[in-house]
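> One structure is given below, represented as structure tokens, and several questions about it will come after.
The values are calculated or read from the model by the stated rules, or taken from the named source; none is laboratory data. This structure is a prediction, so every number in the text was calculated from the model and none was measured. Quick reminder, even Gly has a Cβ in these numbers, built from the backbone with ideal geometry, and neighbours come from all protein chains shown. Each accessible area value is taken on the protein alone, full model and side chains, heavy atoms only, with ligands, DNA and RNA left out. Shrake-Rupley method; radii C 1.70, N 1.55, O 1.52, S 1.80 Å.
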Amino acid sequence: LERILLDQCDAATESKIQHHLETCSECQQRLETLAADPQTWNDAGKNLSTISQFAVTRSVKKKLQESSSFLVTSHGFRADGAEPESSVSATATPSWKRLLDPPKHPEMLGQIDHFEIESKIGQGGMGIVLKGFDRELDRAVAIKVLSPHLACNGTARKRFAREAQAAAAVVHPNVVPIYSVNQTNVERPYIAMQLVSGRSLQSVIEDDGPLSVLSVVRIAIQIADGLSAAHEQGLIHRDVKPANVLTERDVTRVMITDFGLARAVDDVGMTQTGWLTGTPHYMSPEQAMGDDVDPRSDLFSLGSLLYFLATGREPFRAQRSYGVIQRIINEQHEAPNQVNAEVSQTLSNVIEKLLAKEREQRFQSAAELADYLRDYLAHLQQPNLAKPPVKILHPRRQQTTKHPERPWSLLAWILGSIAVAGS
């Protein structure tokens, strides 16, 4: 156990230990003692129920980082869900302004290479997002800089580079384009991307409430098209959620961002067997269990996202993220049209099919989903001219398999689910 905390085990040994820890309470308790004192875990439990999703106190992060080589970061924070300033220690995280060179323009805060920096947009577990201006091409940009406390970490830099490579490989109107990548400066690696003027879908629902069926279908088609383009490149997003879909000002076009957890389907060099990635409320069952994922995992996450757009709440909810994961794996959600009577039966069935526990019962590709929704959109717009799409057999009638529950200790859940999370 001491060796695995010090990252001195090979992959095979590490995998065996992980499987053993799932069933051995004695070793779970021993590992918790080795990693941190009881008060730390008590504090972690309190914070997991009060801080958004995967956030834990900086003291827990510090102790875990001191006792192991695991990369522990808070996850899922954006401009519309930023980590509370009160939880960030000035000594633990250097000020983002220290990343900037002196400004050349009096109205700017500073500069990074040829980008003038106007303001900070938001901050995630791995990156700080800044609003800037490209002097050379005369356009506004968003600059995502790797967080200072992670820039010196080789694993973090590789994952940051993977985010840029994954996003840059996908050229599509519904995916935020990458303009340039700079990895030469070890202290300040960054990505320059298009600045999207609108809000995230998370903010849209929080501000305006659930969307109409027509709006949900239009947005779903665009997200499915963007994911289809990514899947054709062999990439799985792994973190499809409302905060990672940005809108233009009038919400007519949406764009997927933050391929921070994306992996090439056949890329095993960057994969750590058994570790979870993603955000709890939008994980697929296979992702929550740490199993291999494929593009259909993104479709389950998209189903959770559409459920949120249509009802104003997530399909699987609990007081703690651990409880959310257990419900995703083992329990059924309430049908969307039972939560919001304005949701049509067809849209409700589409979402239900996407949220099937078994991936074979979901839509089998993002392209298939987009085609179905286009037929449905045509019927919604011209019901007298366009026939409704083929009725979907209610997925719940097909589902008979229930995943066995897995005993997880607090330590196993924290290390497993937060270890490789990105922003």
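> Give the peptides 297-303, 133-139, 381-387, 201-207 in descending order of average Cβ contacts within 10 Å, highest first.
297-303, 201-207, 133-139, 381-387
> If you don't mind, another one. For S119 paired with K97, estimate the spin-label separation in nm (one decimal), with each label point 7 Å from Cα along the Cα-to-Cβ line.
Once both label points are built, they end up 1.6 nm from each other.
> With a bin width of 5 angstrom, please list the P(r) values of the range 135-260 as percents of all Cα-Cα pairs, from the 0 bin to the one holding the largest distance.
P(r) for the range 135-260, in whole percents per bin: 2, 10, 19, 21, 18, 14, 9, 4, 1, 0.
> Around P389, under 13 Å between beta carbons, what's the net of Lys plus Arg minus Asp minus Glu among the other residues?
+1
> Kindly give Rg over Rh for the range 141-192, based on alpha-carbon atoms, with the Kirkwood expression for the hydrodynamic radius.
0.98
> Kirkwood hydrodynamic radius, the range 307-368, all distinct C-alpha pairs: what's the number in Å?
It is 12.5 Å.
> Okay, moving on. Which length gain, in nm to one decimal place, applies between L214 and R3 when the Cα-Cα distance is subtracted from 0.36 nm times their residue separation?
70.5 nm
> Heavy-atom accessible area of I392 with all protein chains present, probe 1.4 Å, nearest 10 Å²?
Number for this one is 20 Å².
> Related question: By how many nm would the segment from K158 to E206 lengthen if fully extended, with 0.36 nm per residue of separation less the alpha-carbon distance?
Between K158 and E206, full extension yields an extra 13.9 nm.
> Taking a virtual spin label 7 Å from the Cα of E136 along the C-beta vector, which residues in the range 104-119 bring their backbone nitrogen under 20 Å of it?
104-105, 110-118
> So, by mean Cβ neighbours within 10 angstrom, what's the order for 336-345, 172-181 with the highest one leading?
172-181, 336-345
> Between Rg and the Kirkwood Rh of the range 167-228, both from Cα atoms, what is the Rg to Rh ratio?
Expressed as Rg/Rh, it is 1.10.
> With each pseudo-label sitting 7 Å past Cα toward Cβ, what's the V171-A341 distance in nm, one decimal?
5.1
> Could you pull out the pairs from K120/K357; K16/K357; K158/K241; K158/K353; K16/K158; K104/K144 whose alpha carbons sit more than 31 Å apart here?
K120/K357; K158/K353
> For the range 284-324, what are Rg and Dmax over the alpha carbons, in angstrom?
Both quantities, over Cα of the range 284-324: 11.1, 30 Å.
> Ordered by residue, what ³J(HN,Hα) values in Hz, to whole numbers, does the range 333-345 give under the Karplus form 6.51 cos²θ - 1.76 cosθ + 1.60, where θ = phi - 60° and Gly and Pro are x?
Rounded to whole hertz, the list is 8, 7, 4, x, 6, 8, 7, 10, 5, 7, 6, 5, 5.
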